[in-house]
Amino acid sequence: MADTTVEKADATIPAAATAWRSHGTTRRSTHTLRLRVSAALVALTALAVLLVPPLVQLDQQAVDLAAKLLPPSWSHPFGTDDVGRDLLLRCVYGLRVSLLVGVVAALTATVIGTAVGAAAGAFGGWVDRLVMRLVDTLSSVPHLLLGIFIVALFRPGVWPVVISVALTHWLSTARIVRAEILSLRSRPYVDAAVSGGASRLRVALRHLLPGVLPQAGLAAVLMIPHAMWHESALSFLGLGLPAHTASLGTLIQGARGSLLAGQWWPTLFPGLFLIIPTLAIAGLAGVWRERINPRRRSELTL
């Protein structure tokens, strides 16, 4: 009886191991598929933004009232808007502006957040307490409300939106960088540098800051979709870019009346141009996060 039980237990071990390896293989294949799809969508977005405007010799501001609100067709794949402008070309130009705002604002916010977080983590003491209380205070205010207040101080344009998004989105990066700095401060090579007489500034610049650059870069990539949505929200509310400037937010804002009248394409296609690239960028950022996180990477290889 005991021998039979042992044989059954031995028989279940290979089956369990095979099932676990199969589960790990499935996770790796899903991970690879997500990476390829996200990279393909990001590449397609970049090609559309870079190549469509110079290759298509059309004026995206050209008004043709005789062709207003035409449904999608061969001549106008995305249809036309309420003044007869080609919606495909307008979406591409709008994506260019939204990407510009998102990338510049994300980089600016990452630089600010990295500098503030590194200073708080490296110097510690009252500097750390003062900086983190400032971060907590600003975090208590909703991003959109604070962004509306900042952008209302300037005339509508691209750079006021960039400033607004950058000044409201550095807080999470500062927290991430500070936490990483506090973790790196306990490493032996940092103790050796301090014992050797290196100043705090030198230790921060030579040993701590390079260690947080991967996390800061990941924060910047993750912030690009967030900044694009923030710009679209401000433009939709009429507080971001001027109405004549093609951005995804202004296109959606201008299509509200058409949607109520039953014309769905002026709202659908700008919305897809906003959703699909942001999901693709977020997918690539998720793969990056799994690569730089050893625990997550070990789980994926099981």
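The values are calculated or read from the model by the stated rules, or taken from the named source; none is laboratory data. The model shown is predicted, which means the values in this text are computed figures rather than measured ones. Glycine also receives a Cβ, built like all others from the backbone with ideal geometry; neighbour counts cover every protein chain displayed. Heavy atoms of the whole protein, side chains included, go into the accessibility calculation; ligands, DNA and RNA do not. Shrake-Rupley method; radii C 1.70, N 1.55, O 1.52, S 1.80 Å.
At a glance:
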{"item": "Nearest-10 value in Å² for the accessible area of T137, using the 1.4 Å probe", "result": "90"}
{"item": "Computed label-point distance, nm, for sites L259 and L55 using a 7 Å Cα→Cβ extension", "result": "3.0"}
{"item": "Heavy-atom accessible area order for H143, H230, largest first, 1.4 Å probe", "result": "H143, H230"}
{"item": "Note, ³J(HN,Hα) from phi for the stretch 142-153, Karplus 6.51, -1.76, 1.60, rounded to Hz, x at Gly and Pro", "result": "x, 4, 5, 5, 5, x, 4, 5, 5, 6, 6, 7"}
{"item": "Å² per residue, accessible surface of the stretch 155-243 at 1.4 Å", "result": "48"}
{"item": "Cα→Cβ-extended label distance, 7 Å offset, between L279 and T30, nm", "result": "1.6"}
{"item": "Note, ³J(HN,Hα) from phi for the stretch 174-190, Karplus 6.51, -1.76, 1.60, rounded to Hz, x at Gly and Pro", "result": "4, 5, 5, 5, 4, 4, 5, 4, 4, 5, 6, 5, 8, 6, x, 5, 6"}
{"item": "Heavy atoms of T245: accessible area, 1.4 Å probe, square angstrom to 10", "result": "30"}
{"item": "For S186, solvent-accessible area (1.4 Å; no DNA, RNA or ligand), Å²", "result": "80"}
{"item": "Largest to smallest accessible area among R200, R178, R256, R34 [probe 1.4 Å]", "result": "R200, R256, R34, R178"}
{"item": "Distance in nm between pseudo-label sites at F149 and A66 (7 Å out along the Cβ direction from Cα)", "result": "5.3"}
{"item": "Amide proton proximity set for Q263, modelled H, under 5 Å, gap of 5+", "result": "none"}
{"item": "Apportionment of accessible area to carbon and sulfur, the stretch 50-208, percent (1.4 Å)", "result": "68"}
